[in-house]
1. With a cap of 11 neighbouring Cβ atoms within 10 Å, and only residues DSSP puts in a loop, list the trypsin sites (Lys or Arg not before Pro) found in segment 1-49.
2. Can you list which of the GluC sites (Glu not before Pro) found in segment 1-53 are DSSP loop residues with at most 15 other C-beta atoms within 10 Å?
3. Could you run the Karplus curve 6.51 cos²θ - 1.76 cosθ + 1.60 with θ = phi - 60° over segment 40-48 and give me ³J(HN,Hα) per residue in whole Hz, x for Gly and Pro?
Amino acid sequence: MEEQRVIKLDKYDYGIIINALNEFRTKLIRENKSTEVVNDLLLKLLNIPVKRKAIFNKRERIENER
């Protein structure tokens, strides 16, 4: 089985990673090198669903609606 790692990023850190990979991809293009691996990683990162924390738990929301 392939080893997987999970990291939590805020919007700022996520943006830094995307920008760094995009700059690296641009550099590879200028050097006429393959960008396939970087493209695949960028697509994975751009398609990650965002998990948002609930501000209230379900019970509190029901009680507040009453």
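Nothing in this text is a laboratory measurement; each read-out follows from the coordinates by a stated rule. Here the structure is a predicted model, which means the values were calculated and not measured. Ideal geometry is used to build each Cβ from the backbone, glycine not excepted, and the neighbour counts take in all protein chains shown.
1. On the way: sites: Arg5, Lys8, Lys11, Arg25, Lys27, Arg30, Lys33, Lys44; in loops: Arg5, Lys8, Lys33.
Those that pass, being in a loop and sparsely packed, are Arg5, Lys8, Lys33.
2. Glu2, Glu3, Glu31
3. Result, rounded to whole Hz: 4, 5, 4, 4, 4, 5, 6, 9, 6.
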